[in-house]
1. Please go through segment 72-100 and give me each residue that is loosely packed, with under 11 Cβ neighbours inside 10 Å and part of a helix (DSSP H, G or I), ordered by number.
2. Inside segment 38-54, can you point out the residues that are in a helix (DSSP H, G or I) and closer than 24 Å to Val136 by Cα?
Amino acid sequence: MKKIITSWVFTLTLMLCTAVAQPGARMMENIEAMKVGFITQKLDLSPEEAQKFWPIYNKYADELEKLRIGFKGKMRADLSDMESMTDAQADKALNEMLNFKMAEVDITRKYVSEFKKVLPIKKVVLLFKAEQEFKVKLLSDIKERRKRDR
């Protein structure tokens with residue numbers, strides 16, 4: 001089992017280095033594959049758990065991504081000229097930001113109940129920890145790679 005985990009970690013690291021070096025969609029595919037491996041390993045998902053969990057997680061991630069893309073587009077337009085923004089416009093933008101955060105929480109609440117149907121509660125908690133750890137690791141690896149390439 002240790003050999004399998006070590007192999008996974010090595011493979012993920014190698015994939016991360018490859019992903020950072022590749023442009024566009026292929027890089028995103030590699031990052032997603034690394035994320036799947038990372039979360040699967042951190043949650044210690046059995047094949048049965050993984051089979052039930054990943055379709056739910058993918059819907060969750062898609063829903064969050066759609067929300068974020070819509071919000072980014074809206075905010076980019078609303079905040080394009082902060083200097084000339086009125087207080088009323090700033091207040092409206094702030095309320096939209098808060099609504100976005102609340103929508104993120106609503107989506108997460110919805111899917112937590114779905115995750116709890118297919119995973120033990122401790123693994124559901126570990127999921128959010130693993131997501132955060134993956135983001136930190138990915139950013140750290142990208143930062144390190146940029147330093148090396150200078």
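Coordinate-derived values only; no laboratory data. Everything numeric in this text was worked out from a predicted model, so none of it was measured. No Cβ is skipped: glycine too gets one built from the backbone with ideal geometry, and neighbour counts run over all protein chains shown.
1. Within segment 72-100, the first condition is being loosely packed, with under 11 Cβ neighbours inside 10 Å, and the residues that meet it are 73, 76-77, 80-84, 86-88, 94-95, 98.
Hits for segment 72-100 are Gly73, Arg76, Ala77, Met82, Glu83, Ser84, Asp87, Ala88, Leu94, Asn95, Leu98.
2. First, the residues of segment 38-54 that are in a helix (DSSP H, G or I): 38-43, 47-54.
Hits for segment 38-54 are Phe38, Ile39, Thr40, Gln41, Lys42, Leu43, Ala50, Phe53, Trp54.
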